[in-house]
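Read the structure below first, then the notes.
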Amino acid sequence: MRRRSLLLAAVPAGLVTLAGCGDGDSKSSKTSASPSASASPSSPPPPKIVDGPLPAITAGTKFGQKPTVAKGTGDPSKDLAVRTAIAGNGRTVAENDFIRANYLGQIWSSGKVFDNSYDRNPLVLQLAQGSIIDGWRYALTGKKIGSRVEIAVPPTWGYGPSGNEQAGIKGTDTLVFVIDLLDSYNAKSSAKGKEIPQTDAALPKVATNTDGNLPKVTLPKSAPPKKLVSNYVLEGDGDEVTKKQAILCQFQGLEWQGGKTFQKTYGSGRLSQFSVEQMEQVVKGLAQGVTGKKVGSRVLIVVPPDLGYGDNPPSGSGIKKGATLVFTVDILAAM
């Protein structure tokens with residue numbers, strides 16, 4: 001089962017999902033101890049950011065390598081300590097962006113590692129208040145993709161006075177993280193794959209713009225196909241999406257008959273995240289259509305009624321009974 005990181009809050013800010021879908025988290029048999037935000041009615045004031053002290057990275061010192069970090073010596077700073085161990089030259093990360101990152105977290109005083117993603121898969125999360133502990137949000141905003149950042153987070157900007165009992169983190173513990181920033185995404189992100197010829201005149205034609213704006217869909221005048229269609233418009237070079245994953249994406253949904261758009265993220269200032277397994281229970285054809293497709297791709301998916309909403313469209317959606325649905329999905333990341 002996919003292991004859920006405690007870095008994530010229950011409902012990350014700025015996400016939308018399709019009608020009837022949950023918050024995008026697959027069921028998990030195990031929960032790890034990472035910098036998930038604890039639900040709090042208010043956040044502490046912004047920290048003062050200092051450059052140390054920080055324990056040495058003693059092994060795995062290259063970007064992408066699982067690091068070994070020395071135990072902290074002496075007392076940690078009461079402020080947020082941040083050091084760029086390796087400077088990247090990619091995009092600058094902004095608050096409310098989503099990031100894809102590998103990380104290792106340990107307790108300052110004991111050196112105990114309470115979580116790391118290097119042994120699993122990179123984590124995708126949003127640098128937004130309430131979505132992640134404030135230490136990450138303040139430390140990583142303004143850093144460049146390709147950077148390795150080491151931080152020491154006091155309880156005030158970590159788990160607070162309650163700590164995290166499951167992870168063995170006390171309310172007085174300062175936490176040390178090493179974070180490799182792999183990529184970032186925001187509302188202007190789109191697929192960047194190789195353009196694939198759209199030669200079937202009986203299928204919708206999808207624009208190939210990669211500026212984050214809504215790609216135009218030109219619907220044919222012919223009858224819709226009776227079977228599921230899932231075709232690349234732009235083919236990325238990432239890993240193929242599996243049924244056990246969730247995806248971060250831009251998407252739009254239209255009805256074949258009439259071309260009415262019933263939901264979209266493009267131009268909305270938001271991205272969408274959904275679990276493929278959960279989507280199977282909502283729009284089966286959409287889940288099947290993204291499964292096996294490569295991250296970084298734009299995909300045209302045509303969903304016949306028996307794999308869509310059938311005769312039970314969501315109340316208030318405006319979708320007609322028996323509608324064939326047309327989706328364009330930009331698969332930005334999978335986790």
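Would you be able to say whether some residue in region 144-162 is of a type in the set (Asp, Glu) and in a loop (DSSP other than H, G, I, E, B)? Within region 144-162, none of the residues are of a type in the set (Asp, Glu) and in a loop (DSSP other than H, G, I, E, B).
Counting only residues that are of a type in the set (Gly, Ala, Ser), surrounded by 14 or more Cβ atoms within 10 Å (Cβ to Cβ) and under 18 Å from SER110 (Cβ atoms), region 71-86 holds 3 of them. Pairs under 7 Å by beta carbon, first residue closer than 20 Å to GLY146 by Cα and open to solvent by 90 Å² or more (accessible area, probe 1.4 Å) in region 43-66, partner among the charged types (D, E, K, R) and at pLDDT 95 or above, six or more apart or different chains? Final answer for the pair search is ASP51/ARG83.
Among residues of region 286-335 being among the acidic types (Asp, Glu) and open to solvent by 30 Å² or more (accessible area, probe 1.4 Å), the one that is modelled with the highest pLDDT is ASP306. Return the total of residues in region 252-268 being open to solvent by less than 60 Å² (accessible area, probe 1.4 Å) and in a loop (DSSP other than H, G, I, E, B). Adding up the residues that qualify gives 5.
Here are some residues: ASN89, ASN96. Which one is part of a loop (DSSP other than H, G, I, E, B), open to solvent by 10 Å² or more (accessible area, probe 1.4 Å), under 24 Å from SER190 (Cα atoms) and at pLDDT below 95? Sole residue among the options that is part of a loop (DSSP other than H, G, I, E, B), open to solvent by 10 Å² or more (accessible area, probe 1.4 Å), under 24 Å from SER190 (Cα atoms) and at pLDDT below 95: ASN96. Taking the conditions exactly as written (part of a loop (DSSP other than H, G, I, E, B), open to solvent by 50 Å² or more (accessible area, probe 1.4 Å) and either in contact with an Asp or Glu (Cβ under 8 Å, 6 or more places away or on another chain) or over 30 Å from ALA85 (Cα atoms) (or both)), does PRO197 satisfy them or not? Here the answer is yes, as PRO197 does meet what is asked. For region 99-117, which positions are of a type in the set (Ser, Thr, Tyr) and either free of Cβ contacts under 8 Å to residues at least 24 places away in the same chain or open to solvent by 40 Å² or more (accessible area, probe 1.4 Å) (or both)? Of everything in region 99-117, those that are of a type in the set (Ser, Thr, Tyr) and either free of Cβ contacts under 8 Å to residues at least 24 places away in the same chain or open to solvent by 40 Å² or more (accessible area, probe 1.4 Å) (or both) turn out to be SER109, SER110.
The values are calculated or read from the model by the stated rules, or taken from the named source; none is laboratory data. Here the structure is a predicted model, which means the values were calculated and not measured. Note: ideal-geometry Cβ built from the backbone for every residue, glycine included; neighbour counts use all protein chains shown. Ligands, DNA and RNA are excluded from the accessible area calculation, which covers all protein heavy atoms including side chains. Shrake-Rupley method; radii C 1.70, N 1.55, O 1.52, S 1.80 Å.
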